[in-house]
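Visitor: Dumping the structure here so I can ask a few things about it.
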Amino acid sequence: VLMISTCVAILAVDFRAFPRAYAKAEVRGTGLMDVGVGAFMLAGGCTAAWRAAAAHAAAANTLVVGSGGKQTQGLEVPVSWLARAARRLWAGVVQGAPCWVLWAGRLASVKSLNYQEHVGEYGVHWNFFATVAVVASLARVAPASGWRLVAAAVAVTVAHQAALTLGGLGAWAASDARDPTSWASLNKEGLTSLPGFLAAYLWGSVLGWALHAVGTAALQTDNTRTGHAHASHAASTRPKSRSRSRPASAPRVRSRSRSRSRRRAGREQEQVQVPGSSRDVARGRRESRDQTQCSQIPAGSSQPVGMHAVWMVLGSLAVADGMLWWLVALLEAKVERVSRRTANAAYVVWIAALAVAVVGLLVLGQVMGSRGFQGQVTAPAVSRAMLPTFLAANLLTGAVNLYLGAGTLVVGDSAARAIVAVYMLCI
């Protein structure tokens, strides 16, 4: 959904029909298109942390047993934290190599074709792909999960905001003055926002880790409740032995002949009512009793199996989202307004609040009976090919702008909608 919305917006914003309130804010403020890059960073961290938590849980449940029933462990060579961090950083650089190639390709094409560009977003030479490459590399050094991940996210956010407000970095990035001899000054917007986007990625990792932890705990609680309910139901439906109350002083006298005659009469009655052998009769009684127990709802369960876990996740998301929106209001009132250009603390928390709200709405949609993406083709296909889809959108957007030039500003509303519709069909 995020990618499809982004593909629509990057072309639609060039037309007059696109509401200016949805465009990116210049320095401070919020618009629909300000969500894009921050949401991509946060979503990347969320999915990476979820996969890491799931893999860690699967590995923890797997026990490697050697010969003789003893657990075997390999010899571990002690490695310093600095060496591990350097190795992870290099792995991130290698993994981000395609983004560096895309950065160079976009830079060369924009400069050679004299294509329109807004240097106030990232700078003269910087662009979105360079930001993704740097953030992906630095994020490999951060903790994968746990409270150390939360501490890293808080530390990066606070340090970046302190540099913006106390160190004068925010005023430098917001000014229009540039030193043509300084590469850092020419690309100050992209460089200044890097720590903020890294913080957004880390907070996305916190969200993914927390969702996995809360979901796992909720499912365990729900399974425990369901098991207790089934046990109570089985105990309540178990046939009770019939006993007659007798005085304590009365002797328990029972005639053997009377007992044998009763058992014989019972067998004869069973043979008349249910044809077949006594084994078939017993099997039929057991199957009937099992079907009766399976068809009934366990005692004390007022919701379907799994609903307790869903409501627990929804409650956690609602509480977290309320705290995030309160924090956004506090930061805007006491520190500074949301700024996508610098990716300040208010912007990072704003993106996190929007993401938590969207996740909650998606979960609620599943609870209300929505089929989600089941039976659909477009959304899953785009989700499996995010980068090719984004590249196709950028190439088609460039082709339309090169063909129309400044004419996009004079195209009528109906024609603009038709162009965007055909463009999306091509993607």
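The values are calculated or read from the model by the stated rules, or taken from the named source; none is laboratory data. Just so it is clear, the model here is predicted, and its values are computed rather than measured. Note: ideal-geometry Cβ built from the backbone for every residue, glycine included; neighbour counts use all protein chains shown.
Visitor: Filter the stretch 52-111 down to residues that are of a type in the set (Gly, Ala, Ser) and either within 30 Å of ASN187 (Cβ to Cβ) or modelled with pLDDT of 85 or more (or both), then give me how many there are.
Guide: Adding up the residues that qualify gives 10.
Visitor: I'd like the full set of residues that are buried (at least 16 other Cβ atoms within 10 Å of the Cβ), among the aliphatic types (A, V, I, L, M) and part of a helix (DSSP H, G or I), limited to the stretch 132-155.
Guide: Answer for the stretch 132-155, where residues must be buried (at least 16 other Cβ atoms within 10 Å of the Cβ), among the aliphatic types (A, V, I, L, M) and part of a helix (DSSP H, G or I): VAL132, ALA133, VAL134, VAL135, ALA136, LEU138, ALA139, LEU149, VAL150, ALA152, ALA153.
Visitor: Looking at this structure, is GLY322 at pLDDT 95 or above and surrounded by fewer than 18 Cβ atoms within 10 Å (Cβ to Cβ)?
Guide: For GLY322, the condition - at pLDDT 95 or above and surrounded by fewer than 18 Cβ atoms within 10 Å (Cβ to Cβ) - is met.
Visitor: Mind checking which pairs have a first residue in the stretch 11-23 that is within 12 Å of VAL411 (Cα to Cα) and a second that is of a type outside the set (A, V, I, L, M, F, W, C) and assigned to a loop (DSSP other than H, G, I, E, B), Cβ under 9 Å, 6 or more apart or different chains?
Guide: ASP14/GLN116; ARG16/GLY412; ALA17/GLY412
Visitor: Moving to a separate point now. So how many residues does the stretch 111-131 have that are touching a residue at least 12 places away in the same chain (Cβ under 8 Å) and either touching a strand residue (DSSP E or B) at 6+ places or on another chain (Cβ under 9 Å) or closer than 17 Å to VAL13 by Cβ (or both)?
Guide: Matching residues across the stretch 111-131 total 8.
Visitor: Please state which one of ARG28, ARG16 is buried (at least 18 other Cβ atoms within 10 Å of the Cβ) and assigned to a loop (DSSP other than H, G, I, E, B).
Guide: Answer to the selection: ARG28.
Visitor: Go through VAL35, VAL8 for me and flag whichever is within 22 Å of ALA418 (Cβ to Cβ), out of contact with any helix residue (DSSP H, G or I) (no Cβ under 6 Å at 6 or more places or on another chain) and part of a helix (DSSP H, G or I).
Guide: VAL8
Visitor: Here's a follow-up. Can you confirm whether VAL420 is in contact with a Lys or Arg (Cβ under 7 Å, 6 or more places away or on another chain) and touching a residue at least 24 places away in the same chain (Cβ under 8 Å)?
Guide: no
Visitor: Something else now. Inspect all residues belonging to the stretch 133-156 and state whether any of them is modelled with pLDDT under 90, over 30 Å from LEU391 (Cβ atoms) and in contact with a Phe, Trp or Tyr (Cβ under 7 Å, 6 or more places away or on another chain).
Guide: Taking every residue of the stretch 133-156 in turn, at least one turns out to be modelled with pLDDT under 90, over 30 Å from LEU391 (Cβ atoms) and in contact with a Phe, Trp or Tyr (Cβ under 7 Å, 6 or more places away or on another chain).
Visitor: Look at LEU425 and say whether it is modelled with pLDDT of 85 or more and of a type outside the set (D, E, K, R).
Guide: Spelling it out, LEU425 is indeed modelled with pLDDT of 85 or more and of a type outside the set (D, E, K, R).
Visitor: Select from the stretch 91-131 the residues that are among the small types (Gly, Ala, Ser), closer than 27 Å to ALA49 by Cα and in a helix (DSSP H, G or I) and list them in ascending order.
Guide: ALA91, GLY92, ALA97, ALA130
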